[in-house]
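Report on one structure; see the data block that follows.
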Amino acid sequence: MPTHSSTPTPGSPHALGYRMPAEWEPHAATWLSWPRNKNSWPGHFEPVPGIWAELTATLAKSEPVHICAGGAEIMAEAKQLVGHIPNVTLHDIPTNDAWMRDHGPMFLVGPKGSEPVLVDWGYNAWGGKYPPFDHDDVVPKRINESLKFRRFEPGIILEGGAVDFNGLGSVLTTEQCLLNENRNPQLGREDMERYLLDYAGARNVIWLGDGIVGDDTDGHIDELARFVGPRTVVCVVEQDPQDDNYAPLQDNLRRLQLAKDEQGRPLEVVTLPMPAAIFCDDQRLPASYCNFYIANKVVVAAQFDCPADAVVLETLQRLIPDRPVVGQRAVELVWGLGAFHCITQQQAKQE
């Protein structure tokens, strides 16, 4: 691999003028994968399809919603629960699991009037933890059979939940995930920065450290810190020094306070509390208020039946004033070790 520089590789999406937009930029649609894997919520799957239905109804008021619901049984359930909702399209695309953020395509935008493109990163179920993942790995290709966009394959593993963009060239990520030997053991830090430059237009990589307890993704950024503006980042902090999350989240906070944007300016860092520890069958769950989703006309924020719920809604509303912030209960969802950002993927709107 070449040494990282600010010059993109010829022929790469970035060299052709494409970039990964910020989540608050206009969407053409939101993509979901209908939940089917009961092993992701062992013994607790029953409420899960209803959570998807509630989210779908909320998002469909904001933008078109496309759902991968392959197979007769899954398609029938999805039709029953959301088929009547305007602005919703079901696709006969099979999946192994429901985490569209991680197995779905990454949609880029280019200069005005250019054709849309998507990036099809490799997927291995967070380091091979949950086989099989053969259907999930080809979801971007299957989605593109109907979209017919130009599709780029970098040839490495990268999940959408591991990166967060401000749309101007800066990306947040973590060392624990992107440099983990269970993803791309042949690649180092500069190699990963080169891929993020070439395939997402990220010329400024802001590296955080470790994730929270219970996070089986090895430190996905959408549990830790998110851009809510070009220079504004929210990050979760734990107030209890005795909590296992205290030290890693303090380290991430310090890194953000020292970080610069793509123009060398300091970031505005706003802290969010962590919810009280949530357990399921004696397992601590990776509940985090950073796992929200910014749609065209609404922000869907995870709520955990905690006093901090209201504080988070108020803070996010102040930081994202141009669309309402709506809280949706996520306790049952996080039993599957993810929340609303994990199950959504925005399709960027090309001007």
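Computed from the coordinates by the stated procedures, all read-outs in this text should not be read as laboratory data. Remember, it's a predicted structure, so these values are computed and weren't measured experimentally. Glycine gets a Cβ as well: all are built from the backbone with ideal geometry, and neighbour counts include every protein chain shown.
Brief remarks on what is shown
- The distance from the alpha carbon centre of the range 229-243 to that of the range 82-109 is 30 Å, rounded to a whole number.
- HN-Hα J in Hz across the range 317-326 - Karplus 6.51, -1.76, 1.60, θ = phi - 60°, x for Gly and Pro: 5, 5, 7, 10, x, 8, 8, x, 9, 10
- Of all DSSP bridge pairs formed entirely within the range 96-222, close to 35 percent run antiparallel.
- Partner lysines for K79 [C-alpha distance under 29 Å; skip if fewer than 8 residues away on the same chain]: K38, K61, K141, K148, K297, K349
- The length gained on full extension between E115 and E73, counted as 0.36 nm times the residue separation minus their Cα-Cα distance, comes to 11.6 nm.
- ³J(HN,Hα), Karplus 6.51/-1.76/1.60, whole Hz, each residue of the range 113-124, x for Gly, Pro: x, 7, 7, x, 9, 10, 10, 10, 6, x, 9, 9
- 5 angstrom amide H check on L208, placed H, neighbours 5+ away: T173, T174, E175
- nm² value of the averaged projected area, convex hull over the Cα atoms of the range 240-351: 8.9
- Counting DSSP beta bridges with both ends in the chain, the antiparallel % (nearest 5): 40
- Here the label points at Q250 and D282, each 7 Å from Cα along the C-beta direction, are separated by 3.0 nm in the simple model.
- Remark: the range 1-95 is approximated by an ellipsoid whose semi-axes, taken from the C-alpha gyration tensor as √(5λ), come to 34, 18, 13 Å, largest first.
- Share of pairwise Cα separations in the chain, more than 28 Å, in percent: 37
- Taken along its principal axes, the alpha carbon cloud of the range 101-161 reaches lengths of 41, 20, 18 Å, longest axis first.
- Hydrodynamic radius of the range 296-336 by the Kirkwood approach over all distinct alpha-carbon pairs: 10.6 Å.
- Extension gain for E314 to E268 (0.36 nm times residue separation, less C-alpha to C-alpha distance): 14.8 nm.
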